[in-house]
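Okay, structure first, notes after.
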Amino acid sequence: MSYTTLTYETDDNGITTITINRPDKLNALNKEVLNELSDAFQQVAVSTDVKAVLLTGAGEKAFVAGADIKELSSLDEHTGRMVSQKGQQIFQSIEDTRKPVVAVVNGYALGGGAELAMACHMRIASASAVFGLPEVGLGLIPGYGGTQRLPHIVGRARALEMILTGKQVKAEEAREMGLVNMVVENPVDEAKKLLTTILSNGPVAVRNAIRAVYHSDNKRGFQVEADLFGNLCTTEDAKEGTSAFLEKRKPDFKGK
Ligand code: COA
């Protein structure tokens, strides 16, 4: 795929690395980045070559330093609501990806950058990572899903503390809060290792597991889990996985 503000590369294992590439502006999310991200995740959804996604930012300094403040400065009530809704939809499409999506965070993940990382299924950080939702300092609030996702990830009290103070949270504290899965020296390598482990499992099961887990915050979650479990029992992968265990061999999953 060819983009102006992103790079998009798929390796032989089906891991697609999407890199936001505006390092001189600390990868801030302007309209063009958001449109290209939206397109890239549509490609991810339809491409049979893509099995998993690693999302990161170019340069040493930032994953993404937020929505583009220049663009925010001229919004009115109507355009502000539209911008928020559009960002929400794009980030929702990332969360809704039925292939595992890992954010690799080095440096600043502020505002829309923290919200983007939170829309990914998992987050792996380097020690330089810094998370924060500084919007109240701009007289705004997080508008790309941050007020909704952060409480689910770290709990309401900690989310309020971060959102109301705008304070920055360093990598290790973010890990303790559950905001990142791990802090490692080589987050890209670690993310690829994690994705490779996930991809060795039954692909339909992985897809259904992501769906089930994202229903865990509503009352229908148990019903959805049972439906998806029942659905998996009809797949060749489940027959293969259970037979392989009983026959003491490694499974050979076909993704069917
Ligand atoms: N939107 C637009 N441009 C941004 C940006 C953003 N969110 N974050 C950084 N940039 C730009 C800067 O304007 C600067 O551009 P310039 O070189 O043309 O002046 C460039 O990226 C480098 O940023 P700079 O501020 O010089 O780097 P720094 O190391 O001194 O500070 C930050 C880094 C992250 C602390 C600082 O850039 C910052 O506070 N950014 C805004 C964070 C924010 O409030 N995000 C939430 C937005 S809703």
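The values are calculated or read from the model by the stated rules, or taken from the named source; none is laboratory data. Since this is a predicted model, take the numbers as computed values, not measurements. Using ideal geometry, Cβ is built from the backbone for each residue, glycine included, and neighbour counts are taken over all protein chains shown. Protein only, heavy atoms only, side chains kept; ligands, DNA and RNA dropped before computing areas. Shrake-Rupley method; radii C 1.70, N 1.55, O 1.52, S 1.80 Å.
The number of residues in the range 125-148 that are over 23 Å from Ala58 (Cβ atoms) and out of contact with any Asp or Glu (no Cβ under 7 Å at 6 or more places or on another chain) comes to 9. Filtered by the rule that a residue be more than 13 Å from the ligand (Cβ to nearest atom) and more than 19 Å from Cys120 (Cα to Cα), the range 135-161 gives Arg156, Ala157, Arg158, Leu160, Glu161. Quickly run through the range 175-224 and pick out the residues that are under 16 Å from the mean Cα position of the chain (by Cα) and among the aromatic types (Phe, Trp, Tyr). Answer for the range 175-224, where residues must be under 16 Å from the mean Cα position of the chain (by Cα) and among the aromatic types (Phe, Trp, Tyr): just Tyr214.
Go through the residues of the range 102-125 one by one and say whether even a single one is among the small types (Gly, Ala, Ser), open to solvent by 20 Å² or more (accessible area, probe 1.4 Å) and either within 16 Å of the ligand (Cβ to nearest atom) or in contact (Cβ under 8 Å) with a residue 24 or more places away in the chain (or both). Before the answer, list the steps.
Applying the first criterion (among the small types (Gly, Ala, Ser)) to the range 102-125 yields 103, 107, 109, 111-114, 117, 119, 125.
Among the residues that remain, those that are also open to solvent by 20 Å² or more (accessible area, probe 1.4 Å) are: none.
The answer is no, given that none of the residues of the range 102-125 is among the small types (Gly, Ala, Ser), open to solvent by 20 Å² or more (accessible area, probe 1.4 Å) and either within 16 Å of the ligand (Cβ to nearest atom) or in contact (Cβ under 8 Å) with a residue 24 or more places away in the chain (or both).
Given the criterion within 15 Å of the ligand (Cβ to nearest atom) and either in the same structural domain as Val33 (by TED's automatic domain parsing) or open to solvent by 80 Å² or more (accessible area, probe 1.4 Å) (or both), identify the matching residue among Lys86, Lys99. Don't jump to the end; show me each part of the working.
On the way: Lys99 fails: within 15 Å of the ligand (Cβ to nearest atom).
Checking each option against the conditions leaves just Lys86.
When you check Lys193 against the structure, is it among the charged types (D, E, K, R), within 27 Å of Ala65 (Cα to Cα) and open to solvent by 20 Å² or more (accessible area, probe 1.4 Å), yes or no? Here the answer is yes, as Lys193 does meet what is asked. If only one of Lys61, Lys51 is in the same structural domain as Ala103 (by TED's automatic domain parsing), more than 20 Å from Arg207 (Cβ to Cβ) and not hydrophobic (A, V, I, L, M, F, W, C), which one is it? Being in the same structural domain as Ala103 (by TED's automatic domain parsing), more than 20 Å from Arg207 (Cβ to Cβ) and not hydrophobic (A, V, I, L, M, F, W, C) holds for just one of Lys61, Lys51, which is Lys61.
Restricting attention to the range 1-27, report how many residues are part of a loop (DSSP other than H, G, I, E, B), closer than 16 Å to Val105 by Cα and open to solvent by less than 10 Å² (accessible area, probe 1.4 Å). Reasoning before the result, please.
We begin by selecting, within the range 1-27, every residue part of a loop (DSSP other than H, G, I, E, B); these are 1-5, 11-14, 21-22, 26-27.
The next check asks that each one be closer than 16 Å to Val105 by Cα; those that pass are 21-22, 26-27.
Narrowing further to those that are open to solvent by less than 10 Å² (accessible area, probe 1.4 Å): 27.
Counting residues in the range 1-27 that are part of a loop (DSSP other than H, G, I, E, B), closer than 16 Å to Val105 by Cα and open to solvent by less than 10 Å² (accessible area, probe 1.4 Å) gives 1.
Look at (1) in contact with a Pro (Cβ under 8 Å, 6 or more places away or on another chain); (2) closer than 30 Å to Gln42 by Cα and you find that Pro142 fails only one, number (1). Considering the range 46-76, and only residues there that are loosely packed, with under 14 Cβ neighbours inside 10 Å and under 25 Å from Ile198 (Cα atoms), the residue that is nearest to the ligand (Cβ to nearest atom) turns out to be Val46.
For the range 196-219, the condition holds for no residue, the condition being that it is within 16 Å of the ligand (Cβ to nearest atom), open to solvent by 30 Å² or more (accessible area, probe 1.4 Å) and among the aliphatic types (A, V, I, L, M). Looking only at the range 88-97, decide whether some residue is of a type in the set (A, V, I, L, M) and more than 13 Å from the chain's Cα centre (by Cα). Scanning the range 88-97, I find no residue that is of a type in the set (A, V, I, L, M) and more than 13 Å from the chain's Cα centre (by Cα), so the answer is no. Does Asn13 meet the test of being touching a Ser or Thr at 6+ places or on another chain (Cβ under 9 Å) and within 16 Å of the ligand (Cβ to nearest atom)? No, not satisfied.
Of all residues in the range 28-42 being within 16 Å of the ligand (Cβ to nearest atom) and in a helix (DSSP H, G or I), which is nearest to Tyr144 (Cα to Cα)? Show your work before the answer.
Here is the first cut: in the range 28-42, the ones within 16 Å of the ligand (Cβ to nearest atom) are 28-34, 37.
When the remaining residues are screened for being in a helix (DSSP H, G or I), the result is 31-34, 37.
Details: Lys31: 13, Glu32: 16, Val33: 14, Leu34: 11, Leu37: 14 Å.
Ranking the qualifying residues of the range 28-42, first place goes to Leu34.
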